[in-house]
Amino acid sequence: MNDSPRSRDRAGWAGDAPAAASERPSAVSSPPGHDPVQQLLEEVTTEPRPRPLLDTSDLRGRVAVVTGGSSGIGRAVCLTLAECGVHIGFCYFDDGAASRADAEQTAASIRATGVRLHFANCDVRDSGQVDAFVAQVREDLGDPDILVNNAGIGRDRALWRMSNAEWEAVLRTNLDGTFFFTRAVAPVMRAREHGKIVNVTSVHGIRSEFGLSNYSSSKAALIGFTRSTAVELGDHNINVNAVAPGYIRTTRLTDRVPAEILDHARDRSVLGRLGDPQDVAGVVLFLCSEAARHITGAVIPVDGGYLL
Ligand code: NAI
């Protein structure tokens, strides 16, 4: 038998005879002879039917800004939101014909859903371009309700071989870009007393592996940024959260990461598989919905149990 002081306290509390309704502290006054606890129980048991787990009807007609929306996870996020009736402004980085083709393909799929669209080349490392992009989205689509900071890159290298350029490219894209977009959008959301911001960090912001000093630093910093932004924007009804994907099958991963590392990641995941962009997009959608209205400053791993 557990006889710790704590268990004795608990037993003492639970074993006390229920106080008469009139003796219980109550924040609200109730009619004489009415038991507020009983009233609550009645309300719970007479709920007609459970609400659907994820009702996205409130998202219809909203406006989302998605950074790095042309491919991979960003593309899945754009399409998932568009299918819920959200107008989409996405940016991408034009580094050649393939990136433009990706952007055009994403744009065509978004248009097919019937929502309005603005997309453009905008380098998230350049605050002037970011401000201009957000201004154009406001003009074309309206004020943003949702911001998904997804654009990101990796330049993996052992730290003693890492160049200044590799360090800076990753920090400036993954971290500065998120700061620039959040700063550009926050005043609009504050003025409207409504907003959802989701930052795409990584399991490698929580635990690291060889060659990721730049990437892990940027993604860990994003977690700090998510928390402090949540603190600063919470009283204006703005939720700020992060998703931390594990290994997700995008071309960034499949083209650049050696097969043995992917095998190792699959083995580490307790679900025994890599993720798909849609796995991440579904969680982003949830965080943008009112079902998640009481969640802020959270970091949600989407990793098949990789971190366990
Ligand atoms: P991706 O390479 O398919 O897409 C990256 C997107 O970011 C593209 O749209 C690209 O144009 C854009 N981008 C890159 N640099 C930019 C810049 N300077 N300015 C504007 N846009 C820029 O990559 P993926 O895999 O879809 O990754 C998306 C996010 O998810 C990144 O932040 C990445 O770090 C994160 N992530 C990805 C994982 C994976 O396994 N694929 C795992 C964990 C996190």
Considering each of Asp35, Asp94 in turn, give the residue that is under 30 Å from Pro144 (Cβ atoms) and either modelled with pLDDT of 75 or more or surrounded by 12 or more Cβ atoms within 10 Å (Cβ to Cβ) (or both). Asp94
If you go through region 119-154 one residue at a time, how many are in contact (Cβ under 8 Å) with a residue 60 or more places away in the chain, in a strand (DSSP E or B) and over 16 Å from Gly177 (Cβ atoms)? 1
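Per-residue answers, yes or no, for (1) of a type in the set (Phe, Trp, Tyr); (2) under 18 Å from the mean Cα position of the chain (by Cα); (3) farther than 20 Å from Val185 by Cα:
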residue	(1), (2), (3)
Thr251	no, no, yes
Phe286	yes, yes, yes
Arg293	no, yes, no
Pro301	no, yes, yes
A careful count of residues in region 194-229 that are of a type in the set (A, V, I, L, M, F, W, C), in contact with a helix residue (DSSP H, G or I) (Cβ under 8 Å, 6 or more places away or on another chain), part of a loop (DSSP other than H, G, I, E, B) and away from the ligand (no atom under 12 Å from the Cβ) gives 0
Which residue pairs have Cβ atoms under 7 Å apart, sit 6 or more places apart or on different chains, and have a first residue in region 155-171 that is touching a residue at least 60 places away in the same chain (Cβ under 8 Å) and a second that is assigned to a helix (DSSP H, G or I) and of a type outside the set (Lys, Arg)? Arg155/Glu166; Arg155/Ala169; Arg155/Val170; Arg155/Asn214
Identify all residues within region 170-217 that are within 25 Å of Arg266 (Cβ to Cβ) and basic (Lys, Arg); write none if there are none. Arg207
Of Leu212, Leu253, which residue is closer than 29 Å to Arg161 by Cβ and at pLDDT below 95? Leu253
Per the filter on region 134-180, residues away from the ligand (no atom under 13 Å from the Cβ), surrounded by 15 or more Cβ atoms within 10 Å (Cβ to Cβ) and of a type in the set (Lys, Arg) are Arg138, Arg157
Can you name every residue in region 209-224 that is surrounded by fewer than 16 Cβ atoms within 10 Å (Cβ to Cβ) and over 15 Å from the mean Cα position of the chain (by Cα)? Glu209, Phe210
For residues that are more than 9 Å from the ligand (Cβ to nearest atom), touching a Gly at 6+ places or on another chain (Cβ under 8 Å) and not aliphatic (A, V, I, L, M), tally how many sit in region 63-105. 4
Right, Asp131: charged (D, E, K, R), in contact with a Gly (Cβ under 7 Å, 6 or more places away or on another chain), away from the ligand (no atom under 11 Å from the Cβ) and on the phi < 0 side of the Ramachandran plot or not? no
May I ask you to list the residues in region 233-271 that are of a type in the set (A, V, I, L, M), within 12 Å of the ligand (Cβ to nearest atom) and part of a loop (DSSP other than H, G, I, E, B)? Val257
Considering (1) away from the ligand (no atom under 13 Å from the Cβ); (2) touching a residue at least 40 places away in the same chain (Cβ under 8 Å); (3) surrounded by fewer than 20 Cβ atoms within 10 Å (Cβ to Cβ); (4) part of a loop (DSSP other than H, G, I, E, B), say which one His294 fails and leave the rest. (2)
Against the condition of a type outside the set (Lys, Arg), surrounded by fewer than 16 Cβ atoms within 10 Å (Cβ to Cβ) and on the phi < 0 side of the Ramachandran plot, how does Asp123 come out, does it pass? no
Scan of region 265-291 for residues that are closer than 23 Å to Ser71 by Cα and without any contact (Cβ under 8 Å) to a residue 24 or more places away in the chain, ordered by number: Arg266
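The values are calculated or read from the model by the stated rules, or taken from the named source; none is laboratory data. As the structure is a computational prediction, the values presented were derived from the model and not from experiment. Heads up, the Cβs are rebuilt from the backbone with ideal geometry, glycines too, and the neighbour counts pull from every protein chain shown.
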